[in-house]
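Structure first, commentary second.
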Amino acid sequence: MSGKILFVVNNPAFFLSHRLPIALKAKEEGYEVAIATMPGESVAQIVAHGLTHFVIPMSRSGMNPAGELKTIYALYRLFRSYKPDLVHLVTIKPVLYGGIAARLAKIKAVVYAISGLGFIFTRERKGIDWVRQVTQTLYRLALGHSNSRVIVQNDNDRKILLQMNAMQEGQAVRIRGSGVDVARFAVQPEPAKPLVVTMAARLLKDKGVGEFVEAARISASRKNPIRWQLAGTPDPGNPASVTQAEVDAWGSEIIKLGEVKDIATLYGQSHIVVLPSYREGLPKSLVEAAACGRAVVTTDVPGCRDAIEINQSGLLVPVKDGKQLYEAVARLAADDDLRLRMGQEGRILALSEFDIRKVVAKHLAIYRELLA
C-alpha cells in the first residue's frame with residue numbers, strides 16, 4: 001500500500017507504549033508514517049525508529065481557551081502542510097482538536113481512538129453540567145467526518161457516543177485495548193510463597209491507589225502474610241495524582257517499588273494482579289497480567305470489567321471499596337486451584353483477544369478500508 005499516515009498523540013511516551021507496533025507495521029507495508037506529539041524525552045526514540053516527528057503545542061490537562069485554539073490551529077496547519085491521506089487520533093485532546101482540524105483541512109480519512117471517555121460522562125450531574133455539554137458538542141464536531149472509524153475499547157463508551165449522537169453505529173469498531181506481545185509477556189510458574197499481590201499504575205487517586213493501601217492495611221491488621229506491592233510513581237502533571245509526601249507516609253504494609261520498566265518479570269514474581277481503578281478504556285496492566293497467566297482482581301466499572309472474563313480469569317469488586325478488594329485477594333490467596341485456573345483462563349483470553357499481532361492487523365484493515 002502507499003499513502004501518508006499521521007498519528008496524533010498528546011504524549012510521546014504514550015505513543016511508544018501503546019501505538020508503536022501499529023506505526024511500524026504500517027511503515028513496513030509501504031505507508032509513509034509520521035507522528036505528531038507534545039515535546040518530550042521520548043521523541044528521540046520515535047525518530048530512532050525511522051519515523052518522521054512533528055512537535056505540536058498541547059497541554060495535557062489545561063483548559064485555557066486561547067491555548068486550546070492554538071492547538072487546533074497548529075494541527076490544522078500541520079495537516080495542510082504535510083497532507084496526510086489518513087490521520088489516526090489517539091487520546092482525548094487529539095481526538096477532539098485533531099478531529100475538528102481534520103474536517104477543516106479536508107483530510108481524506110480519519111481514525112479516532114477512544115481510549116476511555118473519562119469521568120465527565122459517568123459522574124453524577126447536579127444541575128446543568130456545562131463542561132459535559134461543551135465536551136459533547138466537541139465530540140459531535142470532531143467525530144463527524146464522513147470517511148472515518150471510531151475505535152472503542154469497551155461497549156460502555158460506544159453506547160455513550162451513540163446516545164449523544166456523536167457518531168453513527170457503522171463508524172464504531174471495538175478493539176479490546178492496545179495489545180500485548182504474548183511471547184514477551186509469557187506464562188511463568190508461580191513463585192514460592194508468601195503470596196505477592198501487585199498493582200502497577202501511575203499513582204493517581206482514580207486508579208484506586210487509596211483503596212489498594214486500605215486493603216493492604218486490612219491485610220496487615222488481620223496478620224495475613226500477603227505481600228502488597230505497588231509499582232508506579234506520582235504524576236505531578238495530573239490533578240488526580242497522589243503527592244510524594246502521601247507516598248512517603250504509607251507504612252511498611254506497602255512495598256513501594258517506584259517505576260518498574262520490566263512488567264513481565266514483575267508479574268512473573270507475583271501471584272495476583274489488581275487494579276481498583278474508577279474507570280478505564282481498557283487497562284494495559286490487566287491485559288499484560290492476562291498474558292502472564294495471572295489471576296486478576298479489578299473493579300466493576302467500564303474498561304476494567306472488559307479486560308477480564310468475569311469469574312473465569314478474574315474477580316470484580318465494587319469501586320472505592322478497599323475492604324472488598326482485600327476480601328477478593330484473600331479468597332484467591334487461600335485457594336491455589338482457583339487462582340491458577342483463573343490465570344490459565346487469562347492466558348487463553350490474551351491469546352484470543354489481546355495478541356498484539358491481531359490488534360495490529362485489525363488497525364491495518366481499517367486503514368485499507370478507509371483509503372480504498
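Quick check, is Leu364 touching a residue at least 24 places away in the same chain (Cβ under 8 Å), out of contact with any strand residue (DSSP E or B) (no Cβ under 9 Å at 6 or more places or on another chain) and not assigned by TED's automatic domain parsing to the domain that holds Arg227? So Leu364 fits the description; yes. The listed residues are Leu282, Leu338, and the only one of them that is more than 24 Å from Asp206 (Cβ to Cβ) and not β-branched (Val, Ile, Thr) turns out to be Leu338.
Being closer than 24 Å to Arg60 by Cα and at pLDDT 95 or above is a property that Gly208 has.
Across the stretch 57-68, the number of residues qualifying as farther than 20 Å from Ser115 by Cα and either charged (D, E, K, R) or in contact with a Phe, Trp or Tyr (Cβ under 9 Å, 6 or more places away or on another chain) (or both) comes to 1. Phe185 fulfils the conditions (1) touching an Asp or Glu at 6+ places or on another chain (Cβ under 8 Å); (2) modelled with pLDDT under 95; (3) buried (at least 18 other Cβ atoms within 10 Å of the Cβ) except for a single criterion, (2). Within the option set Ala113, Ala102, being touching a strand residue (DSSP E or B) at 6+ places or on another chain (Cβ under 8 Å), in a helix (DSSP H, G or I) and not assigned by TED's automatic domain parsing to the domain that holds Arg347 holds for one residue only, Ala102. The number of residues in the stretch 260-274 being closer than 22 Å to Phe15 by Cα and not in a loop (DSSP other than H, G, I, E, B) comes to 2.
Scanning the stretch 275-288 for residues that are assigned to a helix (DSSP H, G or I) and of a type outside the set (A, V, I, L, M, F, W, C), which turns out nearest to Val90 (Cα to Cα)? Ranking the qualifying residues of the stretch 275-288, first place goes to Lys284.
A single member of Ala231, Ala240, Ala215, Ala249 is at pLDDT below 95, in contact with a Leu (Cβ under 6 Å, 6 or more places away or on another chain), at negative phi and not assigned by TED's automatic domain parsing to the domain that holds Ala109, and it is Ala240.
The set of residues in the stretch 306-347 being closer than 18 Å to Asn156 by Cα and surrounded by fewer than 19 Cβ atoms within 10 Å (Cβ to Cβ) consists of Glu309, Ile310, Leu316, Pro318.
Screening Asn156 on (1) surrounded by 19 or more Cβ atoms within 10 Å (Cβ to Cβ); (2) modelled with pLDDT of 95 or more; (3) farther than 23 Å from Lys27 by Cα shows it passes everything except condition (2). Going through (1) over 14 Å from Arg347 (Cα atoms); (2) out of contact with any Pro (no Cβ under 7 Å at 6 or more places or on another chain); (3) of a type outside the set (S, T, N, Q); (4) touching a residue at least 12 places away in the same chain (Cβ under 8 Å) one by one, Glu327 falls short only on (4). Restricting the stretch 188-215 to residues that are of a type in the set (A, V, I, L, M) and closer than 26 Å to Gln344 by Cα leaves a set whose member that is nearest to the chain's Cα centre (by Cα) is Ala201.
Against the test of being within 29 Å of Lys358 (Cα to Cα), more than 22 Å from the chain's Cα centre (by Cα) and of a type in the set (Val, Ile, Thr), the options Val87, Val33, Val8, Val55 yield a single qualifying residue, Val33. For the stretch 310-365, the set of residues classified as outside any helix (DSSP H, G or I) and within 23 Å of Val173 (Cα to Cα) consists of Ile310, Asp355, listed by residue number.
The values are calculated or read from the model by the stated rules, or taken from the named source; none is laboratory data. This structure is a prediction, so every number in the text was calculated from the model and none was measured. Here Cβ is always computed from backbone atoms with ideal geometry, including for glycine, and neighbour counts include all displayed protein chains.
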